[in-house]
Amino acid sequence: MDRRIVITGMGLVSPAGDAADLADAVRAGRSAVAPIRQFDASAFPSSIGGEIPDDFDPSNGVRKEQRRYIKKNTKVMSRDILMGLGAANRAILDTGLPIGDDGQPPLPTIDHARFGMVFGTSFIPTTLDDLAGPVRAAQADAEVNLNDWGAKGIPQMFPLWLLKHLPNMHACHTGVLWDAQGPSNSLTCSDAGGLVALDEAVRIMARGIANLMLAGGAESRVSPLLLMRYALLHRLVTAAEDPASASRPFDRDRLGWVVAEGAAAVMLEFRDAAEARGARIWGEVLGTGVSTMTGGINACDADGRGVALAVRRALDAAGVEPADLGAVYAHGPALEQQDRGEAAGLAAALGDAARSVPVTATKGVTGHMGAVSGLADLAVACHLARDGLVPPILNCHTPDPEVRLNLVTGEAREMKGDLVLVTTNAIGGQTAAAVVRVNR
Amino acid sequence: MTRRVVITGIGTANPLGMTVEESWQGLLAGKSGIRPIFIFDASTFPTTFAAQVADFDLADYVRNPDEFTRAGRNVRFAMAAGRRAMEDAGLLEAQVDTDRFGIYLGSGEGVLDFQTLVHSIAVGLNDSGSVDTVRFAQAGLQRYDAFSELEQEPNMPANHLAHEYGLRGPAYSCLTACAASTQALGEALDLIRTGRADLMLSGGTHSMIHPLGVTGFNLLTAISTEPKDEPWRASRPFDRDRGGFVLGEGSTIMILEELEHAQARGARLWAELVGFGTSADAYRMTDIHPEGRGPAAAMQMALDDAGVRPADVDYISAHGTGTQENDRVETLTIKLVFGDEAYKTPVSSVKSALGHLIAAAGATELMTCVLAIRDQVLPPTLNLDTPDPECDLDYIPHTARQAEVEVCLSNSFGFGGQNDCLVVRRFVP
């Protein structure tokens with residue numbers, strides 16, 4: 001039996017739009033970063049972001065009763081969850097599997113006990129307005145003592161408030177909507193979440209307990225609380241006058257992260273089953289690797305060792321030599337310590353091939369979508385590989401001389417072969433990489 | 001051939017103690033860890049009690065306590081339990097390949113800075129009932145602390161542990177509510193079996209005993225509110241008059257190790273982790289499937305993975321939260337999977353004494369299974385005073401019981417529908 005695992009569906013919700021839209025924006029070097037619209041961010045040190053289009057609808061293409069479920073439950077779905085569900089729906093629809101008619105079980109041709117999912121997510125910060133009423137009831141001179149909170153605040157709260165913030169709710173709602181009774185996990189590995197989810201989804205299939213897995217990632221960093229957090233940690237762009245040029249991966253004059261939001265999902269099947277049903281195959285997951293940094297919670301390995309280990313593990317699992325890679329989609333969030341650590345790790349893992357393999361990054365276009373990162377890059381890579389292109393890094397005009405990689409700047413390059421490496425890393429934490437053979 | 005995986009170290013920080021032995025002796029003696037909340041003033045909250053970890057000095061457990069000044073209780077518990085697990089496994093001095101030593105935690109978020117949040121919101125209040133984000137930002141920037149904010153992220157316990165012990169193996173952090181640490185241990189088992197690691201530091205850590213945590217659970221009416229004057233009676237799994245779970249907090253960390261690796265370095269073998277089952281209900285956000293479809297699938301998968309039949313199972317550590325619905329459905333599910341054996345298989349819920357450690361619950365309960373195998377004694381379900389006709393299994397009420405214990409099943413079912421089960425057995429060469 002063929003145990004090779006292929007991607008048969010992709011769904012993306014990004015500041016530039018869906019997967020094809022983002023691929024176009026990356027190819028054209030068109031930034032999706034703008035002043036934040038969701039709330040007045042003018043008093044924050046950083047007030048720009050990559051926000052998803054206003055017309056985003058998680059229900060596009062799904063069945064009537066599914067649309068009803070989403071509508072009914074929107075009050076318990078924070079933005080992260082809605083985007084995650086939207087990307088998952090797009091990925092499932094993209095597989096071309098029959099979704100069934102209204103009144104019938106969804107996805108009538110699959111074995112629901114063997115359909116599972118792994119999401120990379122984050123603990124979701126509260127919406128400020130949800131606490132406005134309770135705080136008003138409990139506060140005195142802008143302070144809230146706990147006795148007043150208990151007596152006057154709590155009764156004003158939305159009863160299902162907690163459910164809006166749990167990191168496993170993306171998978172929960174997606175599972176309910178599509179009757180996915182297989183394994184369900186939600187990995188909170190910050191920036192690395194999406195690729196770590198891919199790693200686990202692939203391993204679960206190899207274990208023999210699932211034959212259809214969704215690997216997803218969803219996060220919005222465009223929220224007052226995360227803007228606060230990351231501004232205080234000095235991770236954000238504060239100086240850029242022009243939003244479109246603010247996110248500068250691997251550039252000498254980089255300015256930090258631009259917060260962004262989105263969600264991505266891929267559907268995985270065994271190759272023989274996918275071919276038997278005549279599915280469109282986006283690519284094959286050849287190998288994944290996960291490791292971690294050890295320098296402390298706010299530090300990246302200066303030598304990039306955590307990144308290098310994840311990359312080597314992915315290459316080894318794939319049985320791929322670095323020199324055979326056609327493109328590397330790096331994390332490149334445009335923060336000095338994170339970019340340099342990643343570059344050092346990539347250089348170490350690629351060895352001599354670091355001089356020749358083209359390395360690109362997409363955050364110049366989108367800003368930093370957190371846990372979505374690696375999977376969004378995978379979607380872009382699958383789209384652009386069909387045109388044989390490795391896109392340039394937007395806003396990387398003067399490559400950081402410390403970065404000893406073959407960065408793609410200015411013009412797109414022709415892609416050799418069909419092997420793509422995608423990497424992500426969380427500051428002070430998890431690192432992940434995947435090697436994918438894209439279908440050209 | 002499948003690589004076998006053994007437990008070679010255990011550490012814990014829970015409401016009944018800071019050591020494995022102290023908490024185990026407490027459980028066997030029928031002690032309860034549930035007290036009035038002392039971490040913050042909850043006197044006007046609907047729920048005023050919880051199972052809390054007593055104060056301890058982190059300096060006893062880490063190289064540099066200064067690195068933890070902003071850390072939440074989740075991180076502090078994980079560092080304490082992690083240190084004891086590493087010590088117990090003899091790994092503090094041992095030469096092992098840290099590139100093949102991974103981490104997989106079921107790990108909760110840090111403790112939200114409640115006062116700063118509500119102050120900044122209060123400053124930003126608009127007449128329209130919303131929050132002005134300009135005034136919010138101005139107030140927040142004065143008060144929020146960068147590192148306290150960073151420590152909120154749920155991967156912080158894993159990141160601190162990776163740093164403390166220099167572990168470079170595959171590293172994961174999951175948060176599938178009440179099932180998280182069982183899921184973490186199960187996936188860690190797979191990472192060793194498939195050769196991606198030789199050692200895994202795995203388990204869970206969590207505290208939701210903070211103002212917004214208790215608020216959130218009170219709103220969902222998931223946690224018990226009575227009796228306030230005798231809170232140790234509030235957690236009553238399988239009792240007819242059960243009224244929800246009691247929040248607990250803490251961490252249990254285990255060292256999982258490939259058998260030959262453990263034997264080669266002469267490690268003590270606590271038990272063998274032999275089976276993992278995992279599924280989703282795909283039913284509703286907070287309700288379990290009424291026929292226990294998902295839990296049954298996970299239990300069956302764990303038994304199959306372990307290669308054991310229901311008759312081989314000597315004890316089931318129930319999820320047993322003490323909510324009406326969980327305990328009824330879990331009982332039904334055990335009958336579904338175990339058939340006639342259900343009535344012959346003792347079941348108990350240590351949540352009756354420890355409260356519900358949420359993301360740390362599963363690992364803590366697996367610890368009690370390992371100890372049951374070591375000592376041939378089963379921990380009781382406290383407060384089971386009035387049987388519920390729908391819960392008619394042998395729940396080991398009130399007092400611990402001597403028994404022959406070779407194989408145990410540990411159940412965890414999470415809010416949101418994740419079901420995870422582990423099978424652990426006495427190590428037999």
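The values are calculated or read from the model by the stated rules, or taken from the named source; none is laboratory data. Here the structure is a predicted model, which means the values were calculated and not measured. Don't worry about glycine lacking a Cβ; one is built from the backbone with ideal geometry, like all the others, and counts go over all protein chains shown. All accessible areas refer to the heavy atoms of the entire protein, side chains included, with ligands and DNA or RNA removed. Shrake-Rupley method; radii C 1.70, N 1.55, O 1.52, S 1.80 Å.
Brief remarks follow.
- Selected residue [in a loop (DSSP other than H, G, I, E, B), modelled with pLDDT of 95 or more, touching a strand residue (DSSP E or B) at 6+ places or on another chain (Cβ under 7 Å) and surrounded by 16 or more Cβ atoms within 10 Å (Cβ to Cβ)] from A:SER31, A:SER46: A:SER46
- Qualifying residue in the stretch A:102-113 (condition: open to solvent by 60 Å² or more (accessible area, probe 1.4 Å) and either assigned to a helix (DSSP H, G or I) or facing chain B (nearest Cβ under 9 Å) (or both)): no
- Of all residues making up the stretch A:234-255, the number that are assigned to a loop (DSSP other than H, G, I, E, B), surrounded by 17 or more Cβ atoms within 10 Å (Cβ to Cβ) and within 14 Å of chain B (Cβ to nearest Cβ): 1
- B:HIS261 vs. criteria over 20 Å from B:GLU87 (Cα atoms), at pLDDT 95 or above, more than 9 Å from chain A (Cβ to nearest Cβ) and open to solvent by 10 Å² or more (accessible area, probe 1.4 Å): no
- Any hit, the stretch A:391-405, residues being part of a loop (DSSP other than H, G, I, E, B) and free of Cβ contacts under 8 Å to residues at least 24 places away in the same chain: no
- Yes/no for A:ALA140 being more than 23 Å from A:MET228 (Cβ to Cβ), at the interface with chain B (Cβ under 8 Å from one of its Cβ atoms), of a type in the set (A, V, I, L, M, F, W, C) and open to solvent by 20 Å² or more (accessible area, probe 1.4 Å): no
- Residues within the stretch B:290-307 that are in contact with a Leu (Cβ under 8 Å, 6 or more places away or on another chain) and closer than 14 Å to A:ILE209 by Cα, tallied: 3
- All conditions but one from (1) open to solvent by less than 10 Å² (accessible area, probe 1.4 Å); (2) more than 14 Å from chain B (Cβ to nearest Cβ) apply to A:GLY345; the one that does not is (2).
- Residues that are more than 30 Å from B:LEU199 (Cβ to Cβ), aliphatic (A, V, I, L, M) and not in a helix (DSSP H, G or I), drawn from the stretch B:270-329: B:ALA282, B:MET285, B:ILE288
- Pair list, Cβ < 7 Å and 6+ apart or interchain, from the stretch A:295-306 residues that are buried (at least 24 other Cβ atoms within 10 Å of the Cβ) to residues that are among the β-branched types (Val, Ile, Thr) and not in a loop (DSSP other than H, G, I, E, B): A:GLY306/A:THR292; A:GLY306/A:THR431
- Scanning the stretch B:86-98 for residues that are open to solvent by 40 Å² or more (accessible area, probe 1.4 Å) and either outside the structural domain of B:GLY203 (by TED's automatic domain parsing) or not in a loop (DSSP other than H, G, I, E, B) (or both) yields B:GLU87, B:ASP88, B:THR98.
- Any hit, the stretch B:125-147, residues being within 28 Å of the chain's Cα centre (by Cα) and at pLDDT 95 or above: yes
- Per-region count, the stretch A:204-253, residues among the polar types (S, T, N, Q), touching a helix residue (DSSP H, G or I) at 6+ places or on another chain (Cβ under 8 Å) and more than 21 Å from A:GLN337 (Cβ to Cβ): 3
- Residue in the stretch B:207-216 that is within 8 Å of chain A (Cβ to nearest Cβ) and free of Cβ contacts under 8 Å to residues at least 60 places away in the same chain present: yes
- Lone qualifier among A:ALA180, A:ALA215 - being open to solvent by less than 10 Å² (accessible area, probe 1.4 Å) and either without any contact (Cβ under 8 Å) to a residue 12 or more places away in the chain or facing chain B (nearest Cβ under 7 Å) (or both): A:ALA180
- Test for B:ALA359: is it over 28 Å from B:LEU175 (Cα atoms), part of a helix (DSSP H, G or I), open to solvent by less than 10 Å² (accessible area, probe 1.4 Å) and of a type outside the set (Ser, Thr, Tyr): no
- Candidates A:ARG67, A:ARG30 - the one that is more than 17 Å from the chain's Cα centre (by Cα), away from chain B (no Cβ under 14 Å) and within 22 Å of A:ILE393 (Cα to Cα): A:ARG30
- Criterion applied to A:ALA16, A:ALA43 was being in contact (Cβ under 8 Å) with a residue 24 or more places away in the chain and in contact with a helix residue (DSSP H, G or I) (Cβ under 7 Å, 6 or more places away or on another chain), and the one residue passing it is A:ALA16.
- Scan of the stretch B:167-200 for residues that are open to solvent by less than 10 Å² (accessible area, probe 1.4 Å), among the small types (Gly, Ala, Ser) and within 8 Å of chain A (Cβ to nearest Cβ), ordered by number: B:GLY169, B:ALA171, B:SER173
- Entry remark, the stretch B:193-224: residues being closer than 30 Å to A:SER291 by Cα and of a type in the set (A, V, I, L, M) number 5 in total.
- Listing of helices (runs of 4 or more DSSP H) fully contained in the stretch B:104-196 that carry 2 or more residues being in contact with a strand residue (DSSP E or B) (Cβ under 6 Å, 6 or more places away or on another chain) and touching a residue at least 24 places away in the same chain (Cβ under 8 Å): B:156-165, B:180-193
- All of A:GLU321, A:GLU284 fail the test of being under 21 Å from A:ALA379 (Cα atoms), more than 10 Å from every other protein chain (Cβ to nearest Cβ), touching a residue at least 24 places away in the same chain (Cβ under 8 Å) and open to solvent by 10 Å² or more (accessible area, probe 1.4 Å), apart from A:GLU284.
- Selection from the stretch B:69-85 of residues that are open to solvent by less than 10 Å² (accessible area, probe 1.4 Å) and either of a type in the set (A, V, I, L, M, F, W, C) or over 30 Å from B:LEU219 (Cβ atoms) (or both): B:VAL75, B:PHE77, B:ALA78, B:MET79, B:ALA80, B:ALA81, B:GLY82, B:ALA85
- Against the numbered list (1) part of a loop (DSSP other than H, G, I, E, B); (2) in contact with a helix residue (DSSP H, G or I) (Cβ under 9 Å, 6 or more places away or on another chain); (3) modelled with pLDDT of 95 or more; (4) surrounded by fewer than 17 Cβ atoms within 10 Å (Cβ to Cβ), A:ALA151 comes up short only at (1).
- Those residues of the stretch A:114-137 which are at the interface with another protein chain (Cβ under 9 Å from one of its Cβ atoms), under 25 Å from A:ALA265 (Cβ atoms) and among the small types (Gly, Ala, Ser), in sequence order: A:GLY116, A:SER122
- Filter result for B:GLU164 (within 7 Å of chain A (Cβ to nearest Cβ) and of a type in the set (Asp, Glu)): no
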